[in-house]
Each structure stands twice: as C-alpha cells, then as structure tokens.
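Where a number appears in this text, it was derived from the coordinates with a stated rule and is not lab data. All figures in this text were calculated on a predicted structure; none of them were measured in a lab. Here Cβ is always computed from backbone atoms with ideal geometry, including for glycine, and neighbour counts include all displayed protein chains.
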Amino acid sequence: MQIMDDWPGYDLNLFTYPQHYYGDLDYVLIPHGIVVDRIERLAKDIMKDIGYCDIMVLCVLKGGYKFCADLVEHLKNISRNSDRFVSMKVDFIRLKSYRNDQSMGEMQIIGGDDLSALAGKNVLIVEDVVGTGRTMKALLGSIEKYKPNMIKVASLLVKRTPRSDGFRPDYAGFEIPNLFVVGYALDYNEYFRDLNHICVINEHGKEKYRV
C-alpha cells in the first residue's frame, strides 16, 4: 500500500491521542484502524506464500513488538481455522542504529537466543521500518551464516529514501515518504510508543524529546 509524497495526512483533531503529545505532532499519516486491517491482510499473504509449515518469528525490538504481536495473532488465527496446525515460536533481538532522528551508520545486535538455533528453520523476521536497507542486509548476513531453511522479511513500513540500497522486504505494510514517523510502538528516543496512530513528529516534538 503506497502513500504518496504529496499525501497531506489526516488532521489530528479527527482522532484521539495522548494529551501529553499535544503540540508535538504534525498530522496522522496512517490511522490505527488502517494499520490493523493491513496487518491482517499481510498475515493472509504470508500464510499463503510460506504454506503451512512451522515458523520461527524473529521480532526486531523495540519498534517491531506491536506489529509482531498483531501479526503473530493473525497468523495463529489463520492456523486455528485451518485443518493444519502451524507451530510458531517467537524470539526477540534489538538492532541499535538510531540516535535522535539520525542513523548512526553501524548496527549492533543485542539479545536473542544463539542465532545458530535458526539452522534449518523457516525464519520470518518482523521489523517496524526499512529505510536504507543496510541494517536489514547486515542482519540477514548474520543469520544466513547459520543456514536456515528459509528467511522472509516482513516490515510494517518501507521508506522511500534516496539513500536506499534497493533492499525490499518480502512483505511490506505501507510504503511511505522519507519522513520520521512515530506511534504504533515506533519511537523517538523512547517517546511516542504509547501512540496508536502512525504520525509525523514536528520540529517542536523533536527538540522537546532530544537527548
């Protein structure tokens, strides 16, 4: 689902959102209801594509936790309503690459079980945002060394950025302009994770929560 560069978004006054963020946002880019419906469709696409095989879900924290939880719940619902049971295990890793709204250029993998446990498994990486693609390529390189049976990447958002190296996830919720967005567990220095809608932060908000 593509959101064009000239899309003006939705007026904040059309929605409810935490009062402590009043004055910190420009507009709602994607309302919560549309996010949820799109994730349900992604789950159907994933199950149709991968087939009814056991899946090892690797959730990229922290921004991906809400997307991952909703996606896995939809995948489980599809499995429960079919004649074949799909086993899903979830593990968590963190990739540190941002400070304020700027990429630090280097990726650190934090946490998660020993990646060698992914050998021979069907791996679904769940990420919140793919920007340049370099971070995801580095993660894929780390995982591929352990020879999983299959690796697929699902990202809630893909940013159109001139710095992109061309990487595209297998499953993408929304393609968006090159904007710094918050909400639905996407943060700015740990703030805005409690915002349900995906919104564009304004300069006042960036300055207010800068570290």
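Here are a few things to note about the model shown:
- Rg(Cα) / (2.2 N^0.38 Å) computed for region 1-83, rounded to two decimals: 1.38
- Kirkwood-Stokes translational diffusion coefficient of the chain, alpha-carbon pairs, 20 °C, 1.002 mPa s, µm²/s: 120
- Per-residue [θ]222 nm for the chain (sum of -39500 (n - 2.57) over DSSP H runs n ≥ 4, rounded to 500): -8000 deg cm²/dmol
- Annotation for Y22 and E203: the two label points, set 7 Å from Cα along the Cα-Cβ direction, are 2.3 nm apart.
- Helix 32-50 and the longest principal axis of the C-alpha atoms of the chain enclose an angle of approximately 20°.
- Taking label positions 7 Å along the Cα-Cβ direction at both F15 and Y191, the computed distance is 1.8 nm, reported to one decimal.
- Of the two radii for region 122-208, the radius of gyration is 1.02 times the Kirkwood radius, both from the alpha carbons; that is the Rg over Rh value.
- The angle separating the long axis of helix 134-144 from the principal Cα axis of greatest extent in the chain is about 20 degrees.
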